[in-house]
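Engineer: Below is a structure I'd like to ask you about.
The values are calculated or read from the model by the stated rules, or taken from the named source; none is laboratory data. Nothing here was measured: the structure is a model prediction, and the numbers come from that model. With ideal geometry, Cβ positions are generated from the backbone for all residues, glycine too; neighbour counts draw on all protein chains shown.
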Amino acid sequence: MNWYLTAFKKYAVFSGRSRRKEFWIFSAMNTLIYALLAFLEFQLNSPGYFMLAFTLIIFIPSIAVTIRRLHDTSRSGWWFLIYAIPVVGPLIILFFMAKNSTEEENDFGQNPKLN
């Protein structure tokens with residue numbers, strides 16, 4: 001839970017680096033929450049307001065943690081724009097998110113595993 005909250009503590013911090021653990025736990029928890037909200041919306045026969053509200057809440061932290069994760073692999077945050085390429089873009093981002101951190105200090109800061 002601490003790794004999930006870390007992304008919210010750094011709500012709009014687009015500088016620095018994030019470990020794989022922070023990114024993947026944030027993503028997994030969001031997926032779980034989306035599944036629970038989808039079930040709730042289905043049971044209540046609701047038009048999707050809960051999921052919309054949650055999406056708006058996590059929109060900026062999701063972009064921020066993804067950009068910090070890109071920094072951790074020695075890539076500029078501008079690589080985030082590759083999401084715009086249909087099918088291939090998200091697969092490339094997925095590959096970058098799964099890649100190991102740059103061990104040494106890079107242009108974006110010290111390796112977060114060493115902190």
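Engineer: Quick one: Ala12 ticks every box in (1) surrounded by fewer than 14 Cβ atoms within 10 Å (Cβ to Cβ); (2) small (Gly, Ala, Ser); (3) in a helix (DSSP H, G or I) bar one, so which box is it?
Structural biologist: Here Ala12 clears every test but (3).
Engineer: Additional query: Within the stretch 40-87, which residues are of a type in the set (D, E, K, R), assigned to a helix (DSSP H, G or I) and either within 16 Å of the chain's Cα centre (by Cα) or closer than 24 Å to Asn106 by Cα (or both)?
Structural biologist: Initially, the stretch 40-87 is screened for residues of a type in the set (D, E, K, R), giving 41, 68-69, 72, 75.
This time we only want the ones that are assigned to a helix (DSSP H, G or I), so: 41, 68-69, 72.
The answer is Arg68, Arg69, Asp72.
Engineer: Only residues that are within 15 Å of the chain's Cα centre (by Cα), surrounded by 13 or more Cβ atoms within 10 Å (Cβ to Cβ) and outside any loop (DSSP other than H, G, I, E, B): list them for the stretch 90-115, please.
Structural biologist: Selection gives Pro90, Ile92, Ile93, Phe96, Met97.
Engineer: Check off (1) in contact with a Phe, Trp or Tyr (Cβ under 8 Å, 6 or more places away or on another chain); (2) buried (at least 16 other Cβ atoms within 10 Å of the Cβ); (3) at pLDDT below 95; (4) among the small types (Gly, Ala, Ser) for Ser62 and give me the number that stays unchecked.
Structural biologist: (3)
Engineer: Among the listed residues Thr55, Thr31, Thr73, identify the single one that is loosely packed, with under 12 Cβ neighbours inside 10 Å and without any contact (Cβ under 8 Å) to a residue 60 or more places away in the chain. Give the steps one after another, and end with the answer.
Structural biologist: On the way: Thr55 fails: loosely packed, with under 12 Cβ neighbours inside 10 Å; Thr73 fails: loosely packed, with under 12 Cβ neighbours inside 10 Å.
Selected residue: Thr31, the only one of Thr55, Thr31, Thr73 that is loosely packed, with under 12 Cβ neighbours inside 10 Å and without any contact (Cβ under 8 Å) to a residue 60 or more places away in the chain.
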